[in-house]
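The values are calculated or read from the model by the stated rules, or taken from the named source; none is laboratory data. Here the structure is a predicted model, which is why all the values come from computation and not from measurement. Heads up, the Cβs are rebuilt from the backbone with ideal geometry, glycines too, and the neighbour counts pull from every protein chain shown.
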There are 6 protein chains.
Amino acid sequence: MTTVTRPSGRAVDALRTIRITRDYTKHAEGSVLIECGDTKVICTASIEERVPGFLKGKGQGWMTAEYGMLPRSTHSRMDREAAKGKQSGRTQEIQRLIGRSLRAAFDLEAFGERTLQLDCDVIQADGGTRTASITGAMVAAYDAFSKLKARGAIETIPVKHFVAAISVGVYKGVPVLDLDYVEDSDCDTDMNVIMTDAGSFVEVQGTAEGAAFDRVAMNRLLDLAEGGIRDLVKLQKQALGL
Amino acid sequence: MTTVTRPSGRAVDALRTIRITRDYTKHAEGSVLIECGDTKVICTASIEERVPGFLKGKGQGWMTAEYGMLPRSTHSRMDREAAKGKQSGRTQEIQRLIGRSLRAAFDLEAFGERTLQLDCDVIQADGGTRTASITGAMVAAYDAFSKLKARGAIETIPVKHFVAAISVGVYKGVPVLDLDYVEDSDCDTDMNVIMTDAGSFVEVQGTAEGAAFDRVAMNRLLDLAEGGIRDLVKLQKQALGL
Amino acid sequence: MTTVTRPSGRAVDALRTIRITRDYTKHAEGSVLIECGDTKVICTASIEERVPGFLKGKGQGWMTAEYGMLPRSTHSRMDREAAKGKQSGRTQEIQRLIGRSLRAAFDLEAFGERTLQLDCDVIQADGGTRTASITGAMVAAYDAFSKLKARGAIETIPVKHFVAAISVGVYKGVPVLDLDYVEDSDCDTDMNVIMTDAGSFVEVQGTAEGAAFDRVAMNRLLDLAEGGIRDLVKLQKQALGL
Amino acid sequence: MTTVTRPSGRAVDALRTIRITRDYTKHAEGSVLIECGDTKVICTASIEERVPGFLKGKGQGWMTAEYGMLPRSTHSRMDREAAKGKQSGRTQEIQRLIGRSLRAAFDLEAFGERTLQLDCDVIQADGGTRTASITGAMVAAYDAFSKLKARGAIETIPVKHFVAAISVGVYKGVPVLDLDYVEDSDCDTDMNVIMTDAGSFVEVQGTAEGAAFDRVAMNRLLDLAEGGIRDLVKLQKQALGL
Amino acid sequence: MTTVTRPSGRAVDALRTIRITRDYTKHAEGSVLIECGDTKVICTASIEERVPGFLKGKGQGWMTAEYGMLPRSTHSRMDREAAKGKQSGRTQEIQRLIGRSLRAAFDLEAFGERTLQLDCDVIQADGGTRTASITGAMVAAYDAFSKLKARGAIETIPVKHFVAAISVGVYKGVPVLDLDYVEDSDCDTDMNVIMTDAGSFVEVQGTAEGAAFDRVAMNRLLDLAEGGIRDLVKLQKQALGL
Amino acid sequence: MTTVTRPSGRAVDALRTIRITRDYTKHAEGSVLIECGDTKVICTASIEERVPGFLKGKGQGWMTAEYGMLPRSTHSRMDREAAKGKQSGRTQEIQRLIGRSLRAAFDLEAFGERTLQLDCDVIQADGGTRTASITGAMVAAYDAFSKLKARGAIETIPVKHFVAAISVGVYKGVPVLDLDYVEDSDCDTDMNVIMTDAGSFVEVQGTAEGAAFDRVAMNRLLDLAEGGIRDLVKLQKQALGL
């Protein structure tokens, strides 16, 4: 395996330090602060006793997600999307990805006509905000369903499998795990991988920002992601005391 | 002086516990977490090397503010303003108020053609988010100007006077200081007062949500606010090590 | 009491000439042209047989207000808000203020599930458009309720007390009543006061646009407002033949 | 010629009473209140020392128009376009028509790189608001150019010919001039005709809202319009003292 | 009759080559490609089993239209309206015209509570896109109603009369039929005429873009339109095999 | 290799019939109709002599894409995005994907300060519209650069490699190539793959809509895609006569 000196000093297959804090704010049914190195995202899960129109009367639930960044979560200040009057294409892409990933983790038919609304808000960004959001939202959603179970509304937590997400990329020609902002800005390929605790894929989104990448690199990236996801799921379960 | 048992158990003239944490996030020139009881607001101050069109070429600076609430900072989830595509009238009112208050604190002609952009984002709401935003933004702005001074761009911090803000209200017929959410929901009059460290008024905004209030109540409310502001300014200066 | 020569030549405690014309246009249930010096506002009150969603089935009514300025009501032409596709923060602030003030004047539980929609449209602006709007809307609303009573829909006009509004300010260091545009552009403090005919406060909104103002000025401003409101309520009642 | 009893009692070829009041508001360069029966429109003309991007540097001027209705200018209250965040298709159609008609009246190359901005705001509607707007805007524009001439910016008023507008329609099978709201609501065909004082057409817009109309009706409608326009131009010139 | 050499080489009263292709796309109930010279428009008619709110429960149907241009249907690329977030005034004017014209052709009370939604999308523009849209939409609507009849939902096709549309104009002083883009760009007057197969007018919209036009020209333009419409209706019926 | 009976009757590794028609419309520098079975997309490439703000003065070019669907390109009519006033998240995702893919195919530094604007408009949809768009846009872009070369503005066509796109998916447990709408609606996993003619990856976007998929399935899907892309590139080059 080729190697490279990463700006972070990490090994090619090393995650950043991950910290998951539950009950971070007091109102939401699930509220998690996830820190992946310097990336910090508040993930809340809110239970609402209604479903979107297209599901009314079908006896099943729904999960959906929204994503935002505080204007100065980034190096230079970004315009506030609420002030501009629209969410960017990037924001919409990310929140659709979070929603799909979480819907893959839970059994939508097992918690009644309710919506679990996930909100992922980036407080501080240093690369990997969308993958941190998914990993954190998994824990927040689990907590919200626990509350629902505790108050007798459901009998079991409708989890099908845990999902977590991580980025991998080709940095100076070498596949590496969990890119931070400096690495991300200078890499050729960036791939976000979302997997279950059983090692199956939920989503793969890879983009060659510089040179196109070959099948060998693809395989190495998927290997790295598999390892990272395994560790993240462990951390999720630890945080939840499972 | 009449009295009343407040839900919080506080004396009529007692502030909630205030905590001011500087350098809360790493990218902004000034970044403060202010906690007023369970109300938590991240206030960042960003320096931008440009001014709005109406000030171009006039050799002076500008300060402006934006305000937002995370969707689940509140008891029930609020719609995300970025997703709705517009800021509510309430949001606009608040951010205009924050901007005016902070412009009263600093000498706009003393820091060149720069804009100090304040962002106040509520992480958790329990009443008094707009006043907490102003009190916290004062500290964030001071820090941002300190950085500007440290890098030699200005010679002195262009502060004219410190400003802080607090709410007062008539709760069950009795004027009280610093309403939390429970008190605020059940009070007749709510007044936000912004004052300088010299005891002068920058803004007064009082609304009789229930019964109109007389001149005696008005005077008592202003007295309470004066006391609260004095304490808040002390805490701001302590936090800044002044 | 200090004094000052006002551009208008008025005494510090003198209102401009006020004229209230009822039935100004023919379709609305209440329609008033209010003229305060050169400020002219058309205030209409429309009765609609429905309430907003949050009040449905509660057996009570609602009052709300919208505010606008004709593009050339001002010295230089302003952009038309309908063409820009959004109401400014200022517009929203003002229409929220008008709505709150009028809701304080009437008993919302005494006119059934109806909405009284107020529209205040400035034809010509010369300072004090928001206070003129409130003072005029009070008369238009009263007229609309009279029509409702005349057609037997309610038994009494659900007025709790009359409200009127006036601005006061510190002009060249001296507190004065009822600022016109020239004075307003050149004053340090501007305060809008909305009071009932019983002399109680409904709203107070004071802003130090220049120097912050002390408690003594505050007291003098409130005295001036009290006098002005007393006269305005007299004029409202005269216009209504009460 | 067939005849019909009109709700208004007017002869088939009779205009409503027209009143043109100049200098109706004080800020605009031209400001006219035009009353056509119960239809009342404020038409202002504002001179701005700039042209749209596509004309920059070409040495010629521009004229454009905006149109609005006060929410309660109509029988039932209409939603305020500024609050809805967009102008209706009808509004846009009308303001484009006003703009085109007025640009036909003046020589755009004869008043420098300036924009004459027309605003037509309906205070009270009783049919024919768009034609009243054009007829009134002609006078307001003339006044604005007179001011420009008075201050020496142009040497002559750049009028090519006077334009005026009127509606005609087929009411209960009979062609009539100048429909009011009651007639308009119950007619088969409605046609707006804009002509010059020389009797040439600037615009013709006819719509069969009920039965399609034949060439004979078309010819009679154009005859009626010709007569109405002749009278309107006389009134415009009288109002201007020409 | 005066004559002129048209850029297209056509006689003053000659239409361009018209081609009507039915079943152009496979999903819509009616789908027509209409080609008028180089102008190409896809017209689809979709049947929806619902009516707008204002018609609910009235037992009648509705027809409405939308219009769009592909960004590069024109000589220079136009901005995409979906990306700009609003339809231009021109687009709204055109789609309102198409809707009115088609509603004149069919009996809205004879096809139940259904909406016939017309979509006219310009693939390639060379003048006359709005008239081509109407002429093509007539055929698409007829086809959609045929399908409705075929599946037994209605007994007869609710057509009152065929409508078709054509432009006429004054080109270099001479009235001509069916302007293409080059002629349209250089003509003084442009008039769109929509007529029934019985030779009655549904809409007439004439604009003097250059010099105003007199009654003689008006009459000649209407004559030309009448002839063109007669030919277009023949082509519509041929295409439908009627 | 497992097999499955596809609704289309195709072999698991068979593309639909592909047809590429160049010069489909007359105004655009490149204009292609691509048909993949019943999916039909018009792809135009427009050259504009300007670059976005962030590239001004850098001496390089830009390529960007927009995507749309005609309202009745789909089985049931979709709302028109221009009428709704915003592009959906799906639309934005797709047009961002097209833009990135095409920027990977050409050397942005080799055609001066110009923008190549791609427009992909779906006329008829039957699955795979985004991949058809990319494959067709490649040809349209090539044609546009050929025109630029023909008029002497560039010396060589700045192509780095050809890119094409195809979807693969797991249908009834079996990986298959090039899903049509019926297959897509009933599959567990859908992956879009964009590759170069050298067999390297530009983008991979896989989503498990039903069951998560394992590494074996992933590998088989990538194999299928590789084969499909090879054929598509051949067709692109044939169409271009290369």
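Filtering the stretch D:179-199 to residues that are touching a strand residue (DSSP E or B) at 6+ places or on another chain (Cβ under 6 Å) and modelled with pLDDT of 95 or more leaves D:Leu179, D:Met191, D:Asn192, D:Val193, D:Ile194, D:Met195, D:Thr196.
Return the only residue of D:Arg10, D:Arg6 being of a type in the set (Lys, Arg) and more than 20 Å from D:Arg230 (Cα to Cα). After applying the criteria, what remains is D:Arg6.
Got a sec? Which strands (runs of 3 or more DSSP E) wholly within the stretch E:1-73 have at least 3 residues that are crowded, with 20+ Cβ neighbours inside 10 Å? First the steps, then the outcome.
Details: elements: E:18-22, E:30-36, E:39-48, E:62-69.
Qualifying strands (runs of 3 or more DSSP E): E:30-36, E:39-48, E:62-69.
Selection of the stretch D:213-222 for residues being in contact (Cβ under 8 Å) with a residue 12 or more places away in the chain and either of a type in the set (D, E, K, R) or in contact with a Ser or Thr (Cβ under 8 Å, 6 or more places away or on another chain) (or both) yields D:Phe213, D:Ala217, D:Arg220, D:Leu221. Filtered by the rule that a residue be among the β-branched types (Val, Ile, Thr) and without any contact (Cβ under 8 Å) to a residue 24 or more places away in the chain, the stretch F:22-39 gives a lone residue, F:Thr25.
Can you tell me which residues in the stretch C:158-182 are of a type in the set (D, E, K, R) and over 19 Å from the mean Cα position of the chain (by Cα)? Result: C:Lys172, single match. If the condition is being under 21 Å from the mean Cα position of the chain (by Cα) and within 14 Å of chain F (Cβ to nearest Cβ), then the stretch A:52-73 contributes A:Thr64, A:Ala65, A:Glu66, A:Tyr67.
Every condition in (1) touching a His at 6+ places or on another chain (Cβ under 7 Å); (2) closer than 18 Å to C:Asp143 by Cα; (3) of a type in the set (Ser, Thr, Tyr) holds for C:Thr74 except the one numbered (2). For D:Arg100, state whether it is part of a helix (DSSP H, G or I) and in contact with a helix residue (DSSP H, G or I) (Cβ under 8 Å, 6 or more places away or on another chain). No, not satisfied.
Restricting to the stretch C:76-94, give me the number of residues that are farther than 14 Å from D:Thr91 by Cβ and free of Cβ contacts under 8 Å to residues at least 24 places away in the same chain. Even if it seems obvious, please write down each step before you answer.
Keep residues of the stretch C:76-94 that are farther than 14 Å from D:Thr91 by Cβ, which gives C:76-79, C:86-94.
If we keep only those that are free of Cβ contacts under 8 Å to residues at least 24 places away in the same chain as well, we get C:76-79, C:86-90, C:92-93.
Selection size over the stretch C:76-94: 11.
Looking at F:Thr135, is it buried (at least 22 other Cβ atoms within 10 Å of the Cβ) and more than 13 Å from chain A (Cβ to nearest Cβ)?
Working: buried (at least 22 other Cβ atoms within 10 Å of the Cβ): yes; more than 13 Å from chain A (Cβ to nearest Cβ): yes.
Yes; evaluated as a whole, the condition is true for this residue.
Scanning for something in contact with a His (Cβ under 6 Å, 6 or more places away or on another chain) and either free of Cβ contacts under 8 Å to residues at least 40 places away in the same chain or within 21 Å of C:Ala65 (Cβ to Cβ) (or both), does the stretch C:171-189 turn up at least one residue? There is no residue in the stretch C:171-189 that is in contact with a His (Cβ under 6 Å, 6 or more places away or on another chain) and either free of Cβ contacts under 8 Å to residues at least 40 places away in the same chain or within 21 Å of C:Ala65 (Cβ to Cβ) (or both).
Say we look at the stretch C:189-234 and pick out the residues that are under 16 Å from the mean Cα position of the chain (by Cα) and acidic (Asp, Glu); which of these is nearest to C:Leu15 (Cα to Cα)? Across the stretch C:189-234, the extreme among qualifying residues is C:Asp231. Looking across the stretch A:74-92, just one residue is more than 7 Å from every other protein chain (Cβ to nearest Cβ), in contact with an Asp or Glu (Cβ under 9 Å, 6 or more places away or on another chain) and either in a helix (DSSP H, G or I) or buried (at least 17 other Cβ atoms within 10 Å of the Cβ) (or both), and that is A:Thr91.
I'm checking my understanding of the structure. Among residues of the stretch E:206-225 that are more than 12 Å from E:Pro175 (Cβ to Cβ) and surrounded by fewer than 19 Cβ atoms within 10 Å (Cβ to Cβ), which one is modelled with the highest pLDDT?
In the first step, residues of the stretch E:206-225 are kept if they are more than 12 Å from E:Pro175 (Cβ to Cβ); the result is E:207-212, E:215.
Within this subset, residues satisfying the condition of being surrounded by fewer than 19 Cβ atoms within 10 Å (Cβ to Cβ) are E:209-211, E:215.
On the way: E:Glu209: 79, E:Gly210: 80, E:Ala211: 86, E:Arg215: 94.
Across the stretch E:206-225, the extreme among qualifying residues is E:Arg215.
Consider the stretch E:187-205 and keep the residues that are more than 10 Å from E:Val168 (Cβ to Cβ) and among the charged types (D, E, K, R). The one that is surrounded by the most Cβ atoms within 10 Å (Cβ to Cβ) is E:Glu203.
Hey, can you tell me all the residues within the stretch E:130-159 that are closer than 25 Å to E:Leu224 by Cβ and among the basic types (Lys, Arg)? Show your work before the answer.
First, pick out the residues of the stretch E:130-159 that are closer than 25 Å to E:Leu224 by Cβ: E:130-139.
Matches in the stretch E:130-159: E:Arg130 only.
Among the residues of the stretch A:110-120, not a single one is surrounded by fewer than 24 Cβ atoms within 10 Å (Cβ to Cβ), part of a helix (DSSP H, G or I), more than 7 Å from every other protein chain (Cβ to nearest Cβ) and not hydrophobic (A, V, I, L, M, F, W, C).
Look at the stretch F:33-51 and say how many of its residues are within 19 Å of F:Thr115 (Cβ to Cβ) and within 14 Å of chain E (Cβ to nearest Cβ).
8
Summed over the stretch C:171-186, the residues that are buried (at least 22 other Cβ atoms within 10 Å of the Cβ) and out of contact with any helix residue (DSSP H, G or I) (no Cβ under 8 Å at 6 or more places or on another chain) give a count of 2.
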